[in-house]
Each structure stands twice: as C-alpha cells, then as structure tokens.
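S.K.: Can you keep this structure in mind? I'll have questions shortly.
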Amino acid sequence: MSEFGASFAESKLPTASPCETANIAINPASARQAQAGLPIALRRLIVLALNLATLALLGGGLFMLLAANGFDVLDGVIFLGFLLATPWTALGFWNAVIGLFVIHGRRAAETVHPYFARSASRRRPARLQSRTDILVCVRNEEPEPIFERLEAMRVSLEATGLGDNFRFAVLSDTSDPMCAVSERQAFDRFARFFDHRAESERPIYRRREVNTGFKAGNVREFLERHGTESDFFLPLDSDSVMSGDVIVRMAQAMEDNPQIGILQSLVVGMPATSGFARLFQFGMRHGMRAFTMGSAWWSADCGPYWGHNALIRTEAFVTHCELPTLPGRAPLGGPVLSHDQLEAVFMRRAGYEVRVIPVETQSFEANPPTLLDFQKRDLRWCQGNMQYWRFLVAPGLKPVSRFQIAQAILMYIAPAAWIAMTLAATAKAMTGGYDPGMLELGMGLFLAIFFMSVSPKIAGVIDVLLTSGGMRSYGGAPRFMLSAFVELVVSMLMAPIVAVYVTVFLAGLPCGRTVVWNGQNRDRLGLAWNAAARAMIPQAFLAAGLTAALLFGAGGLALLLAMPFLAGLLLAIPFTVVTASPSFGRLVARLGLFAVPEESAMPPVLRSVVPLAARPWRRPVRGREAANAGAIAVADRAARAERA
C-alpha cells in the first residue's frame, strides 16, 4: 500500500458518539437542537432535482442547437465546456433563491441554525465550562496591525466578563529576521496586558524556523503540544477580528451541542480604504447572506469550514483531522495547501457535525486591497483545490462530503471550461461553420453563466430591499442602488480577467508552476502601470487577438456582440491600476459608495482598528475638526504605547 493510501487506512474513526467523548459537562436537555421543517434528506433531494433539471434543460437545449447541422470537434468542446462550467453556477443560483425564501420566511432560525439561534437569543452566559485557545497564524507581515486587532479582541472579550476562559497564541512561520524581531517585540507588548493572569492563561508566542505543512502544519504542531489544555480552538487569519460577545456565544453553542465539531461563522469584510476592497466586499456582503443561508438549508451537518473565524473541538480535530502528505512534489504533491475543506470532511467522517452560522455575527476580515493581491490569493486557493483529486475516493467520507470536494475542484475548472467554450463558439462563427447566430450563442452562453454567477448578489440586493432599514444601513437608497449597479458592471468586467488568469495558471500546473504561502499585502495601495501590464499580459494578448480576429474575420457586428466578454480583457490593465489607486479609494469612500453596514454603525471591536478614512462620508472632517481628529489619534496611539 502506498504511503498516501496507508495514511487514509490509518485514519481514526470514532469509537464512541461525539456526545460520549466530549470532555466538558453537558446539559442533556440542550445537547441537540432539532431542526424544524423538512427532513434534511428531503432537502438534499430537492436541491439535487432542481440542479439536475437545470442542467438537463440547458444542456439539452444546447445539444439540440449544436447538433442541428452535425456535431464536430468544436461542438464537442462547446458542449463539454458548458457541462463543466454550469454545475457550480447552477448550484449558486439555487442556493441564492432558496436562501432568499428562507431568510424572509421568518423561520430561518428554527429550520436552518437552531444550534446557534438559541445561544444568540438568550442572555450572554455568566460563566463558561470550556477553555478556548485563540490562534492567529502569521508569516512575514507587518506586526503592528495584527496586534492592534488582537488588542481589540482582548478588550472585547474582557468586556464580556469571561476573558479568563480564552488564551491567545501567535503561531509564526515568519522567515524574515527583521520582521521576526518586530513581531516578537509587538507580542511582548501585547503580553504585558496579561501579567496579572496565571501562567496557563497568558499568551503564547511560537515561531518555527521551517514552515512544514504551511499554516495547517503550524496549527497541528501547536495542538499536539498544547491541545490537552483547551476544549476548543479558534483559528484566525492575521487580518481577522471577532467581537468577544460572538466568541462567547459560539463557545456556549459548542458546549450545548457536543455533536458539533466545527462551528463556522459567516465572515464579512470590515470597512476599507481601498477602492478595490470596497468594491469586492460590497458585493460579497449582501450576496453571501442568501447564498450561505440556502447552502446551510440543505448541507446542514456537512457545512463549510473556511480555515478561520471558526470554533473547533480540539480533541476531535487532533484525533481525526490530520492531513496526509501527498505523493510527489509540489504543486500537486507534498503538503496540502488548502487544508480547510479536507479538515471539514474528515471531521464529518468522524461522526461530528460541521455547521455554519448563516447570519452576520460581527466576524470580520480584511480583503485584498488590489486586484493583483486578490489574484495571488485566488491562485493559491486554486492550487490547493487541485490537490483534492485523490480525496474523491478517500474511504469513509459522506456522499455530501465527496460532492463538496468535487465542487471545490469544479470551482476552478469552470473558468477554464468557460474560456474554451467561448473560444470554440467564436471559432465556429469565424470559420463559417455556423450562421451569425452561432456567435450570439457563444456570447449568450457567457451572459447566461454570468447571470447565474451573480444571482447571489441579485438575491442579496432583493434581500436588502425587503429588509426594514436595509438600505439605510448601506448609506441610504441612492448610495446602495448606485453601488449595486456599478458593482454588477465591475463583476462583468472582472469575470473574464479572472477566467484567463485561472486558465493560464491551470495550464502551468503540470509543468511545475506553483504559488507559496507567504506574507500578504493587507493595506498598501498604488500600482505602477508597468506592473499591471506585466501581470495582465495574457488578458491583453487574448483581447487583441480576439478583437482582430472578430473584426476582420466575422465583421463589426460580431465584435459588438463579443463586447460583454472582451470589455473586461480590453480594460484589464487600466482597471487594475485605477482600482488600486489611493485617490480612487479616497473618492469612493468620501462619496460613501460600496459602503458596508459597519460604516453606518461601527461595532466597538472595530473602532480602534478601522481608520476614519474608511468612512469619511459618515464623519466629514475639515479644518479645525481635522486638526482635532489628528491630535486625538496621536494622543490615542501615545496612550497605547505608554500602557505597553
């Protein structure tokens, strides 16, 4: 048996029920919160039927159209590309539709997330029986913003009166010596706030010289050394922020539901000064609500884990969620890069539930400030997901878990399939194999897939419109509606840009092209034109080639019909530069465009970490007010430094 096969064979499956193995006292009366409404099995059958019917309808219609004058190789490419690209978008469409109905059906708490709704609806507990380690993973990043966020969380936890139940740990894979020195100094300042605590409650700093297994490897090494000291752990990215109240209520929910192994919060972007980040997280903000609620409605106990801002049962994780080292070398072999989805399905295989909280709970992150930073993160996830092929046949997985692994793979296969499908349809029109309607088919497929891909955002807009005070929380109706329209246009421009860089990256994977986990740019703005041009060379060449071919080979009408696809490629370089520009960020922030609800009502946990520049439309600062605000900011920083 291979080393990889042996690692699966040796995986530890549960010998007792999760309720029996929990290491904290449990109230039997509250041990499991039953979900009201339709049985989970029936929900899954409904979703399966809706998606199969959608694929059959679209695929059947396309096949009949393609086969009308014979079926050649290009027809086959179009049809296969459509079948690969459509399932992911069809599922997103139905998740959004179902989620929208559930949210406004007034029974979401009972039918989808009773395991958290009960703890959220009652008073915050006066005490917890559990201990939780809060783990933040860092690598070669500026330490000050990280520890400012941790300090905000510390203050928020202390305000609950239950701060003694939580311990912070900083897990560093930093390789830059100068960065490591600054990191340690920042940690020492942070740790002084805990001098009055017992040794077992003080923060831990741990730095590895070699980052074996990347982030997941660092977390596992920590848990193998300190795992017996906690009931749960809360992994954070270096840009994560969560309020103390939410963390306490999640711990309470885990105590009340010992069958839950992972409880994932719905993570949203915090107010940003970057124009690109504001655009991205505005669309994600309202779009994720309906999508996540619909997904949770049917996935139920096989929910997602996104790698951070989730509460995890320590003993179960250590016992059942160890990742194997894949045979071969990177990028497709070696340590698993995208660990979260696999840890979730392994936890489910062990008999524990993986649940998501499909409502907003003051769980935040910072989004990439530029398109190029977004691309780096996206391609890292792409490479990690392409390592999942072997796990499709891992023994003992639930059928829904296997589907989720396949779905994670298809998420990045779909853009390449879409590019191949569109090029083939265009080629048929240019070679005279079709009448001009075939070019309309290619562009029509693009628009159909695009519409389905943005359906969660459209459902999110409808959700805001149907929610009392919804538009007011986004800055009012004019700001919200204009922002929603512009963001949809930007999504159309970004779609082909993303599809091209994913396709190019996938083509390079067999040749050894790889990305690595390293420090990420969280807040630096500004991008030179030559840097954008180098990064967008594939998009520029494809745009020039398609434009020339369509103009001279199929005529001006064909070029006009292709514009929904070509526009993003033609504008890729200026789009990348403009959205990274500090002046663009200042402009949209000043106008209040792409605002998120926290800009209208800032939660206490964010007040010390979100700059005023991220919400100037709420607090116009001019003249003497500007000087006073600057003096207050300087005084506040000086006071924090003195306390440290």
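S.K.: Would you point out which residue out of GLU183, GLU221 is open to solvent by 20 Å² or more (accessible area, probe 1.4 Å), in a helix (DSSP H, G or I) and acidic (Asp, Glu)?
M.R.: GLU221
S.K.: Of all residues in the stretch 334-390, how many are closer than 19 Å to LEU234 by Cα and not acidic (Asp, Glu)?
M.R.: So the count comes out to 21.
S.K.: Tell me which residues, restricted to the stretch 370-412, are open to solvent by 20 Å² or more (accessible area, probe 1.4 Å), under 24 Å from GLY328 (Cβ atoms) and over 18 Å from the mean Cα position of the chain (by Cα).
M.R.: TRP389, ARG390, LEU392, VAL393, PRO395, GLY396, ARG402 - these are the residues of the stretch 370-412 that are open to solvent by 20 Å² or more (accessible area, probe 1.4 Å), under 24 Å from GLY328 (Cβ atoms) and over 18 Å from the mean Cα position of the chain (by Cα).
S.K.: Go through the stretch 225-252 and give me each residue that's among the hydrophobic types (A, V, I, L, M, F, W, C) and in contact with a strand residue (DSSP E or B) (Cβ under 6 Å, 6 or more places away or on another chain).
M.R.: Of everything in the stretch 225-252, those that are among the hydrophobic types (A, V, I, L, M, F, W, C) and in contact with a strand residue (DSSP E or B) (Cβ under 6 Å, 6 or more places away or on another chain) turn out to be PHE232, PHE233, LEU234, LEU236, VAL241, MET242, VAL246, MET250, ALA251.
S.K.: Further question: I'd like to know if the stretch 63-74 contains one or more residues that are at pLDDT below 95, within 30 Å of SER265 (Cα to Cα) and surrounded by 22 or more Cβ atoms within 10 Å (Cβ to Cβ).
M.R.: Filtering the stretch 63-74 for residues at pLDDT below 95 gives 63-74.
Filter once more, keeping what is within 30 Å of SER265 (Cα to Cα): none.
No: the stretch 63-74 contains no residue that is at pLDDT below 95, within 30 Å of SER265 (Cα to Cα) and surrounded by 22 or more Cβ atoms within 10 Å (Cβ to Cβ).
S.K.: Also: Which condition number does ALA36 fail, the rest of (1) modelled with pLDDT of 90 or more; (2) surrounded by fewer than 18 Cβ atoms within 10 Å (Cβ to Cβ) being met?
M.R.: (1) is the only condition that ALA36 fails.
S.K.: Taking the stretch 301-325, which residues are among the acidic types (Asp, Glu) and in a helix (DSSP H, G or I)?
M.R.: GLU315
S.K.: Going residue by residue through the stretch 84-92, is there one that turns out to be open to solvent by 50 Å² or more (accessible area, probe 1.4 Å) and over 26 Å from SER265 (Cβ atoms)?
M.R.: Looking for residues that are open to solvent by 50 Å² or more (accessible area, probe 1.4 Å) and over 26 Å from SER265 (Cβ atoms), one finds at least one in the stretch 84-92, hence yes.
S.K.: Being farther than 30 Å from ARG329 by Cα, modelled with pLDDT under 95 and open to solvent by less than 60 Å² (accessible area, probe 1.4 Å) is true for just one of ALA572, ALA540. Which residue is that?
M.R.: ALA540
S.K.: Scanning for something outside any helix (DSSP H, G or I), at pLDDT 85 or above and over 30 Å from ALA424 (Cα atoms), does the stretch 87-105 turn up at least one residue?
M.R.: Yes.
S.K.: Next question. Taking the stretch 146-180, which residues are of a type in the set (Asp, Glu), assigned to a helix (DSSP H, G or I) and closer than 24 Å to ASN218 by Cα?
M.R.: GLU148, GLU151
S.K.: Another question, then. Go through the stretch 186-218 and count every residue that is exposed (fewer than 14 other Cβ atoms within 10 Å of the Cβ), among the charged types (D, E, K, R) and in contact with a helix residue (DSSP H, G or I) (Cβ under 9 Å, 6 or more places away or on another chain).
M.R.: 1
S.K.: Restricting to the stretch 523-578, name every residue that is closer than 19 Å to PRO369 by Cα, in contact (Cβ under 8 Å) with a residue 60 or more places away in the chain and in a loop (DSSP other than H, G, I, E, B).
M.R.: Listed by number, the residues that qualify are ASP523, ARG524, LEU525, LEU527, LEU571.
S.K.: Read through the list (1) surrounded by fewer than 20 Cβ atoms within 10 Å (Cβ to Cβ); (2) in contact with a His (Cβ under 7 Å, 6 or more places away or on another chain), then give the number of the only condition that ILE357 fails.
M.R.: The one condition ILE357 does not meet is (1).
S.K.: Then there's this: Under the condition of being surrounded by fewer than 24 Cβ atoms within 10 Å (Cβ to Cβ) and among the small types (Gly, Ala, Ser), which residue from the stretch 318-354 is nearest to PRO271 (Cα to Cα)?
M.R.: Filtering first and then ranking leaves SER338.
S.K.: Here's a follow-up. Which one of these does TRP298 not meet: (1) touching a strand residue (DSSP E or B) at 6+ places or on another chain (Cβ under 9 Å); (2) open to solvent by 10 Å² or more (accessible area, probe 1.4 Å); (3) assigned to a helix (DSSP H, G or I); (4) closer than 30 Å to GLY470 by Cα?
M.R.: (1)
S.K.: Additional query: So which residues in the stretch 106-139 are farther than 30 Å from SER230 by Cα and assigned to a strand (DSSP E or B), if there are any at all?
M.R.: Scanning the stretch 106-139 gives no hits.
The values are calculated or read from the model by the stated rules, or taken from the named source; none is laboratory data. Please read all numbers here as calculations on a predicted model, not as lab measurements. A quick note on method: Cβ atoms are made from the backbone with ideal geometry, for glycine too, and the neighbour counts reach across all protein chains shown. In case anyone asks, the SASA skips ligands and DNA or RNA and just uses the protein heavy atoms, side chains included. Shrake-Rupley method; radii C 1.70, N 1.55, O 1.52, S 1.80 Å.
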